[in-house]
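Below you'll find the structure, written out as structure tokens, and then a few comments.
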Amino acid sequence: MRFTQATTVFDNVSLAGGASAGEWQHAGTDVQTDWERYHRPPGLVESDGRAASYGITRVLDHERADLCRPEAKWRTSDPAPGRCRVTQPQSPQVHPRIPQGLYDRVKALSVDGEVGEFADGLVEIAGLKGTSWDLRELLKGAPVDRWLAVYRRVSDARVGQLRPVPNPPLWDAIRESVPPDVPAEVLHEILDDLGQEFYYYPYAQLAALARAWLATGAALPPTMIGVIRRSAIDEEKRNWPDTGCVLPELLAELTGLPPVNPGEVWADRVLAELPELGADWQALVDHAATATSDKPSARWENRGRELLDLVGPDRTARVITSWLRLVGQPRSMPLSWSFHRDHGEQRYDPHNEVVLRGLVWLLGFTPATPDSARTLGELVPTALRRSPWSEHLISPVTARAGVYALSRLADVLAVEELAGLTHRLTVKSVLKDVDTAITRQTVALGITRAEVEELGIPAYGLTGVGHRTSEIGGVTATLTVTGAGVDLTWRDGTGKVIKSPPPAVRKHHTVAIRDLRAETKRIGKALAAQINRLEREMTAERVWTYDIWSQRYLDHPLVGVVARQLIWTVDGQSCGYADGALRGLDDRPLTPAPDAPVSLWHPLRHTEDEVAAWRSWLDRHGIRQPVEQAHRPVVRPS
């Protein structure tokens with residue numbers, strides 16, 4: 001009984017003495033990858049035992065099977081381990097989906113015969129699933145002139161076409177079988193094509209192609225440097241002991257590399273502006289590229305502040321803020337994915353991600369401005385978007401860096417953004433960071449948690465207090481917030497109220513309608529949360545100045561809906577909101593000073609007659625309070 005095996009000696013086999021070759025059994029799955037089938041030196045393994053696999057490979061017939069990995073485990077009726085030995089070389093087996101006659105014909109054409117027939121045969125084999133290894137072997141055995149003919153035929157067919165995702169097996173096989181004496185212009189074309197990959201494997205092949213190009217005396221294209229950096233990070237993560245780390249070693253030998261990889265809009269802006277900014281800025285960005293930890297160390301921060309002093313903190317804040325505004329935009333150079341849809345368009349470049357984290361940290365060490373705080377506040381949810389393919393978060397690293405930077409901006413502007421994130425985020429690990437950052441800021445600025453809650457309430461796109469209007473496909477959607485909930489009303493082009501958008505609008509604007517309805521639900525939940533918060537404030541006895549209270553309550557797009565239905569005490573006088581102004585029981589409008597004290601009205605602090613008068617006032621103006629005040633049941637002390 002003969003078995004193809006990856007190593008000279010295989011110890012994980014137990015023998016049942018006397019068993020014939022036909023008695024070998026296999027208990028594995030029918031799924032087998034090219035790696036499992038072909039990544040081993042050719043050879044024969046001989047034994048006369050009985051064994052069954054745990055699912056590594058499958059027996060193709062009664063005479064031949066693959067044991068492709070040294071760690072494959074085999075079990076038999078005899079617990080005593082046995083040994084298998086290589087007896088003689090054997091040529092690699094042909095994939096079972098490839099007819100032997102077709103393979104033999106193409107193999108012969110790889111050496112001699114019509115080049116067109118050779119290419120046609122390769123295309124036919126490529127149409128059979130799982131034949132990548134065979135294609136590579138056939139191309140590797142072909143002379144350079146035949147390889148070039150196949151390359152030209154396939155590459156010419158790809159001109160003007162949208163880049164396939166993933167690449168066809170034949171094109172991958174061509175790139176992985178590049179002859180050592182290929183012309184320089186062809187090698188450059190291949191490098192340009194590889195530069196459009198997110199990752200590239202085999203790593204050794206990528207390193208070999210890069211070294212071949214460097215041997216011509218030319219510098220590597222920036223896109224090629226990008227795929228090498230991304231693949232090097234992937235190689236270090238995998239840490240395969242049998243291959244080493246060929247790409248990190250290659251990068252260590254290269255000098256004068258760009259600080260970021262091109263292809264992301266913000267990184268393109270950095271590459272365009274950096275030469276004009278000067279050497280100090282180059283050093284600052286290089287320092288950002290060393291931000292490999294979860295948080296900056298004291299040493300990293302001290303060095304960063306030294307560089308900030310050289311370029312000017314205020315100028316740094318303006319420039320970095322302009323870069324960060326571009327994060328999350330569609331890539332300027334699309335990348336292909338091989339195995340995971342998250343690669344390419346959906347993921348941030350892992351090298352650029354490190355530089356981005358460093359720049360975000362550095363922005364946190366600069367004086368706070370409305371622009372920088374707002375940009376950091378928008379960066380966090382942008383980085384926490386989910387991939388439409390896998391629901392994976394795009395860049396938690398960038399999001400957590402943004403939260404950290406906001407925690408270091410010593411200004412109430414940063415607190416407002418942090419408080420707003422508590423309403424916008426759902427990722428628990430990042431929300432925990434936000435909570436820690438808020439605690440740090442409240443201690444540093446001497447403010448309370450209640451004030452933080454007020455500062456971060458979002459407007460949810462409401463253009464006025466409780467109102468928002470959107471036009472979708474010629475239909476107008478009006479969103480109205482009341483103390484009882486949120487109403488969504490649709491009107492056609494004539495202004496007539498309709499139950500829902502017409503079918504044509506729903507068909508062509510599915511995403512916009514879905515997002516608007518989801519936003520309606522979010523506003524409803526936020527409204528309920530604010531009603532509960534104001535219910536708690538009834539007994540807190542907090543006092544605001546009129547200007548701050550107007551901004552956070554009376555005129556706030558969401559909170560104003562509730563605040564305008566409550567009774568307040570302004571500068572010692574009880575009042576409610578009606579007909580566009582604060583009014584007393586006599587309906588005369590009030591004009592408080594900006595520093596006038598404001599507090600919530602509570603029936604226990606007023607006489608029964610005054611409470612009854614306010615009940616009548618509320619009824620007269622048609623106000624139904626979401627938080628009961630005048631109709632609040634109270635027990636007065638005897």
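If the segment from His631 to Asp371 were pulled out straight at 0.36 nm per residue, it would be longer than the present Cα-Cα gap by 89.1 nm.
To the nearest 0.05, what FRET efficiency results for Thr510 and Ser322 with a Förster distance of 30 Å applied to their C-beta separation?
Once rounded, the FRET efficiency stands at 0.30.
Here the label points at Lys525 and Glu301, each 7 Å from Cα along the C-beta direction, are separated by 3.4 nm in the simple model.
Here the label points at Ser616 and Arg105, each 7 Å from Cα along the C-beta direction, are separated by 10.4 nm in the simple model.
Annotation: amide H-H contacts under 5 Å for Leu582 (H modelled 1.01 Å from N, sequence separation of 5 or more, or interchain): Leu590. Peptide packing: for 252-258, 285-291, 398-404, 600-606, the average count of neighbouring Cβ atoms within 10 Å per residue gives the ranking 398-404, 285-291, 600-606, 252-258, highest mean first.
Once you sort the root eigenvalues of the Cα gyration tensor of the range 504-560 as a ≥ b ≥ c, which label holds: rounded (a/c under 1.5), prolate (a/b larger than b/c) or oblate (the other case)? The shape class here is oblate.
Model label sites at Ala215 and Glu253, defined 7 Å from Cα along the beta-carbon direction, differ in position by 1.1 nm. Each Cα pair under 8 Å and six or more residues apart adds its separation to the average, and for the range 419-534 the resulting relative contact order is 17 percent.
The GluC sites (Glu not before Pro) found in the range 96-139 that occupy coil by DSSP, while having at most 11 further C-beta atoms within 10 Å, are Glu114.
With 27 Å as the limit on Cα-Cα distance, the pairs of Lys428/Lys499; Lys129/Lys507; Lys496/Lys521; Lys295/Lys525; Lys428/Lys507 that go past it are Lys428/Lys499; Lys129/Lys507; Lys295/Lys525; Lys428/Lys507. As a length-normalised measure over Cα pairs under 8 Å and 6 or more apart, the relative contact order of the range 117-263 settles at 19 percent.
Electrostatic bookkeeping for Leu431 treats Lys and Arg as +1 and Asp and Glu as -1; over the other residues with beta carbon under 13 Å from its beta carbon, the sum is +2. A Förster distance of 41 Å, applied to the separation of the beta-carbon atoms of Leu585 and Thr422, puts the FRET efficiency at 0.60.
First select every other residue whose beta carbon is under 15 angstrom from the beta carbon of Ala593; then total the charges, Lys and Arg +1, Asp and Glu -1. Write out the running numbers ahead of the final one.
Numbers: positive: none; negative: Asp547, Asp571, Asp595.
Spelling it out: positives minus negatives among the neighbours equals -3.
Give me the net charge of Pro501's neighbourhood, meaning all other residues with Cβ under 12 Å from the Cβ of Pro501; Lys, Arg count +1, Asp, Glu -1.
Result for the neighbourhood of Pro501: +4.
Quick note: the coordinates plus some simple rules give every number you see, no bench work behind them. These numbers come from a predicted model, not from an experiment. In this analysis, Cβ positions are derived from the backbone assuming ideal geometry, glycine residues included, and neighbour counts consider all displayed protein chains.
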